[in-house]
1. Residues of the range B:66-99 being over 25 Å from A:Cys92 (Cβ atoms), open to solvent by 30 Å² or more (accessible area, probe 1.4 Å) and acidic (Asp, Glu), which ones?
2. Evaluate the range B:71-86: report whether one residue or more is among the polar types (S, T, N, Q) and within 14 Å of chain A (Cβ to nearest Cβ).
3. Residues being of a type outside the set (A, V, I, L, M), open to solvent by less than 50 Å² (accessible area, probe 1.4 Å) and within 24 Å of B:Pro31 (Cβ to Cβ): count how many of those fall in the range A:68-112.
4. Return only the number of the condition from (1) open to solvent by 40 Å² or more (accessible area, probe 1.4 Å); (2) more than 12 Å from every other protein chain (Cβ to nearest Cβ); (3) assigned to a strand (DSSP E or B) that B:Pro40 does not satisfy.
5. Take the residues of the range B:101-113 that are open to solvent by 50 Å² or more (accessible area, probe 1.4 Å) and part of a loop (DSSP other than H, G, I, E, B): which is nearest to the other protein chains (Cβ to nearest Cβ)?
6. Could you tell me whether B:Ser58 is open to solvent by less than 40 Å² (accessible area, probe 1.4 Å) and out of contact with any Cys (no Cβ under 6 Å at 6 or more places or on another chain)?
7. Pick from the range A:23-50 the residues that are among the small types (Gly, Ala, Ser) and touching a Leu at 6+ places or on another chain (Cβ under 9 Å): which of them is modelled with the highest pLDDT?
8. Considering the range A:18-28 alone, what residues qualify as being more than 12 Å from A:Thr76 (Cα to Cα) and either among the β-branched types (Val, Ile, Thr) or surrounded by 13 or more Cβ atoms within 10 Å (Cβ to Cβ) (or both)?
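The values are calculated or read from the model by the stated rules, or taken from the named source; none is laboratory data. Quantities reported herein were computed from a predicted structural model and do not represent experimental measurements. Cβ placement follows ideal geometry from the backbone for every residue including glycine, while neighbour counts extend to all protein chains displayed. All accessible areas refer to the heavy atoms of the entire protein, side chains included, with ligands and DNA or RNA removed. Shrake-Rupley method; radii C 1.70, N 1.55, O 1.52, S 1.80 Å.
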Amino acid sequence: GAGVSQSPSNKVTEKGKDVELRCDPISGHTALYWYRQRLGQGLEFLIYFQGNSAPDKSGLPSDRFSAERTGESVSTLTIQRTQQEDSAVYLCASRLEADTQYFGPGTRLTVL
Amino acid sequence: GDSVTQMEGPVTLSEEAFLTINCTYTATGYPSLFWYVQYPGEGLQLLLKATKADDKGSNKGFEATYRKETTSFHLEKGSVQVSDSAVYFCALSHPEYGNKLVFGAGTILRVKS
C-alpha cells in the first residue's frame with residue numbers, strides 16, 4: 001500500500017515568511033508524529049497526534065510552531081515568521097498499533 | 001529525560017568486514033529499542049527492533065540484542081556489503097509516552113569494495 005507522503009519535498013523561503021508543511025499518513029494509522037533533523041544533528045521530536053488531538057506538544061521549539069490534524073488523516077505543520085535556525089528536514093511518521101513508526105521522505109526547508 | 005548515545009562516525013569498513021555500532025540508552029522503565037537506517041537519497045526505514053530485555057531483533061543480516069543490565073542495543077553484522085553504506089540511527093520509545101521516538105545522533109557507515 002501507499003506509504004507516508006509529505007509535501008513539498010523542498011521549500012525555500014525568506015526569513016520572516018510563514019510556511020506550511022503537509023503530511024499524509026498511511027491510511028488508517030491513528031497516530032502521527034512530526035520530527036525535525038537539523039544539519040549534523042539527530043532527529044528531534046516535535047509533536048504527536050492521537051486521532052485529531054495532540055497529547056504531546058512538548059517538542060515544539062517556540063510558539064511560532066503549530067500543527068493540526070483533521071479527519072484523523074492529513075496533518076499540517078505551520079511555522080510562522082521563519083528564522084534561519086528553522087532550516088532543517090521535517091519528517092512525518094505514522095503508526096497504527098504496537099510501536100513501529102513509518103516515516104515519510106521529509107520536507108527540506110531552507111530559510112534564507 | 002530519556003536519551004540515546006551511539007558511536008560517532010563515520011565508520012569505514014572493507015566489504016565482508018564485521019560491523020559493530022555501539023548504542024547505549026538512559027531511560028526509565030522498559031522502553032522499546034530500534035535501529036533505523038537511512039540510505040542515500042531515501043527516507044528513514046525501520047531496520048530492526050526489540051521490545052523487552054534479552055530480545056534479539058534481526059533483519060537483512062543485522063542483529064541487535066536488548067541488554068537491560070548494560071542498557072545497550074549494539075548493532076552487528078557479520079559481513080558488510082557496499083550496499084549497507086548508510087546512516088544508522090538507534091532509538092527508543094515508551095508506550096506510556098505515546099511511543100514518540102528518542103534518537104541517537106546517527107552513525108555514518110561507509111563500506112568500500
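1. B:Glu69, B:Glu76
2. Looking for residues that are among the polar types (S, T, N, Q) and within 14 Å of chain A (Cβ to nearest Cβ), one finds none in the range B:71-86, hence no.
3. Final tally of qualifying residues: 8.
4. Evaluating B:Pro40 over (1) open to solvent by 40 Å² or more (accessible area, probe 1.4 Å); (2) more than 12 Å from every other protein chain (Cβ to nearest Cβ); (3) assigned to a strand (DSSP E or B) leaves (3) as the failure.
5. B:Ala105
6. no
7. A:Ala31
8. A:Ile26
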